[in-house]
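Let me give you the structure first, and then I'll get to my questions.
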Amino acid sequence: MSDPAAAIRLDKWLFFARAFKTRSIAAKVVTDGGVRVNGVRVSKPSSVVRAGDTLTFSQGRQVRVVVVVALGDRRGPAPEAQALYEDRSPPPEPRALGGPRYDKGGRPTKKDRRKLDAGPLSDG
């Protein structure tokens, strides 16, 4: 596929690039309006993608920005799929390490559980 005018369906390319597990999931994301091609929202899975196009889509909690480098012939192994695009996604936000913790080790006693349930405003 070295022809500069060569194109491939958007859902098919997303599947080949391993952005989504199945082609039908990729088609659903495109149909729901979750993909932009060169900044334009696309709602048809049959939209064409060419080398040099920029795709923006969400994958899990992360927004992915990729530039199409090659079109691909099949859904191959991960290194082959990664050669189809150049990733320009922003770095993921660091996760907060918060949340309730119990520092005494082991299971809390009944008295400790009452303190935890009462909250920080209780007298203990």
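The values are calculated or read from the model by the stated rules, or taken from the named source; none is laboratory data. In this text, all values refer to a predicted model and were calculated from it rather than measured experimentally. Note: ideal-geometry Cβ built from the backbone for every residue, glycine included; neighbour counts use all protein chains shown. Please note that ligands, DNA and RNA were not included when accessible areas were found on the heavy atoms of the full protein model with its side chains. Shrake-Rupley method; radii C 1.70, N 1.55, O 1.52, S 1.80 Å.
For the range 1-25: of the residues being open to solvent by 70 Å² or more (accessible area, probe 1.4 Å) and farther than 21 Å from Pro77 by Cβ, which is modelled with the lowest pLDDT?
By that ranking, first place goes to Ser2.
Give just the number: which of (1) more than 25 Å from Glu93 (Cβ to Cβ); (2) free of Cβ contacts under 8 Å to residues at least 60 places away in the same chain; (3) β-branched (Val, Ile, Thr) does Val63 not satisfy?
(1)
Applying the selection to the range 2-28, what residues are in a loop (DSSP other than H, G, I, E, B) and under 18 Å from Gln62 (Cβ atoms)?
Across the range 2-28, the qualifying residues are Ala17, Arg18, Ala19, Phe20, Lys21.
Let me ask something additional. Being open to solvent by less than 50 Å² (accessible area, probe 1.4 Å) and modelled with pLDDT under 95, is that true of even one residue in the range 96-104?
No, because not a single residue in the range 96-104 is open to solvent by less than 50 Å² (accessible area, probe 1.4 Å) and modelled with pLDDT under 95.
I need the strands (runs of 3 or more DSSP E) fully contained in the range 29-93, keeping only those with at least 3 residues that are of a type in the set (Ser, Thr, Tyr) and either in contact with a strand residue (DSSP E or B) (Cβ under 6 Å, 6 or more places away or on another chain) or open to solvent by 50 Å² or more (accessible area, probe 1.4 Å) (or both).
Where strands (runs of 3 or more DSSP E) fall fully within the range 29-93 and carry at least 3 residues being of a type in the set (Ser, Thr, Tyr) and either in contact with a strand residue (DSSP E or B) (Cβ under 6 Å, 6 or more places away or on another chain) or open to solvent by 50 Å² or more (accessible area, probe 1.4 Å) (or both), they are 54-59.
Can you list residue pairs whose Cβ atoms sit under 6 Å apart, with the first residue in the range 10-29 being under 15 Å from Arg64 (Cα atoms) and the second being outside any loop (DSSP other than H, G, I, E, B) and open to solvent by 20 Å² or more (accessible area, probe 1.4 Å)? Count only pairs 6 or more apart in sequence or on different chains.
Close Cβ pairs (under 6 Å, with a partner that is outside any loop (DSSP other than H, G, I, E, B) and open to solvent by 20 Å² or more (accessible area, probe 1.4 Å)) amount to Phe15/Arg23; Ala17/Tyr85; Ala26/Phe15.
Are there any pairs, at least 6 apart or on different chains, whose C-beta atoms fall under 7 Å, with the first in the range 81-95 and acidic (Asp, Glu) and the second at pLDDT 95 or above, and if so, which?
Glu86/Val66; Glu86/Val67; Glu86/Val69; Asp87/Val66
In this structure, does Lys110 turn out to be more than 18 Å from Phe20 (Cβ to Cβ), at pLDDT 70 or above and charged (D, E, K, R)? Explain how you work it out, then say what you get.
Numbers: more than 18 Å from Phe20 (Cβ to Cβ): yes; at pLDDT 70 or above: yes; charged (D, E, K, R): yes.
It is true that Lys110 is more than 18 Å from Phe20 (Cβ to Cβ), at pLDDT 70 or above and charged (D, E, K, R).
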